[in-house]
Amino acid sequence: MELLTTVGPLILMFAIFYFLLIRPQQKQQKKVREMQNSLSKGDKVVTIGGMHGIVDSIDEEKVIIKAGDGSRLTFDRRAIRDVVEQKGITMEKA
């Protein structure tokens with residue numbers, strides 16, 4: 001019984017950390033990974049640096065984005081933060 005009173009609070013703390021910190025972070029990472037894997041040509045995107053542009057072509061690791069002045073910039077696929085519009089379909093923020 002004494003073991004349960006000493007180990008119990010530690011188990012409870014781990015469970016609280018898991019449900020309040022670890023699990024939501026894993027869900028967010030999964031959502032971002034799915035978004036980056038579903039990129040396609042013509043999507044309007046925002047990079048982690050804040051640059052807005054349109055996806056011009058996609059490779060396994062790299063994305064070429066056409067900026068407003070017509071220049072084409074190459075980014076890692078992981079540098080895409082958000083898809084603003086998907087081939088003419090405006091994405092709503094929840």
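The values are calculated or read from the model by the stated rules, or taken from the named source; none is laboratory data. If you're wondering where the values come from, they're calculated on a predicted model, not measured in any experiment. Don't worry about glycine lacking a Cβ; one is built from the backbone with ideal geometry, like all the others, and counts go over all protein chains shown. The area values use the complete protein model at the heavy-atom level, side chains included, leaving out ligands, DNA and RNA. Shrake-Rupley method; radii C 1.70, N 1.55, O 1.52, S 1.80 Å.
Close Cβ contacts (under 6 Å, 6 or more residues apart or on different chains) running from residues in segment 33-46 that are charged (D, E, K, R) to residues that are modelled with pLDDT under 95 and in a loop (DSSP other than H, G, I, E, B) are absent. When the criteria are applied in full, LEU39 fails the requirement of being open to solvent by 90 Å² or more (accessible area, probe 1.4 Å) and either among the aliphatic types (A, V, I, L, M) or closer than 14 Å to ASP82 by Cα (or both). May I ask you to list the residues in segment 63-84 that are surrounded by 12 or more Cβ atoms within 10 Å (Cβ to Cβ) and either touching a residue at least 60 places away in the same chain (Cβ under 8 Å) or outside any strand (DSSP E or B) (or both)? Once the filter is applied, which keeps residues that are surrounded by 12 or more Cβ atoms within 10 Å (Cβ to Cβ) and either touching a residue at least 60 places away in the same chain (Cβ under 8 Å) or outside any strand (DSSP E or B) (or both), segment 63-84 yields ALA67, ARG77, ARG78, ALA79. Which one is modelled with the highest pLDDT among residues in segment 85-94 that are closer than 13 Å to LYS41 by Cα and open to solvent by less than 100 Å² (accessible area, probe 1.4 Å)? Going through the qualifying residues, I end up with GLU85.
Residues VAL32, VAL46, VAL7: which one is among the hydrophobic types (A, V, I, L, M, F, W, C), under 19 Å from THR74 (Cα atoms) and either open to solvent by less than 80 Å² (accessible area, probe 1.4 Å) or not in a helix (DSSP H, G or I) (or both)? Explain how you work it out, then say what you get.
Numbers: VAL32 fails: under 19 Å from THR74 (Cα atoms); VAL7 fails: under 19 Å from THR74 (Cα atoms).
Being among the hydrophobic types (A, V, I, L, M, F, W, C), under 19 Å from THR74 (Cα atoms) and either open to solvent by less than 80 Å² (accessible area, probe 1.4 Å) or not in a helix (DSSP H, G or I) (or both) holds for just one of VAL32, VAL46, VAL7, which is VAL46.
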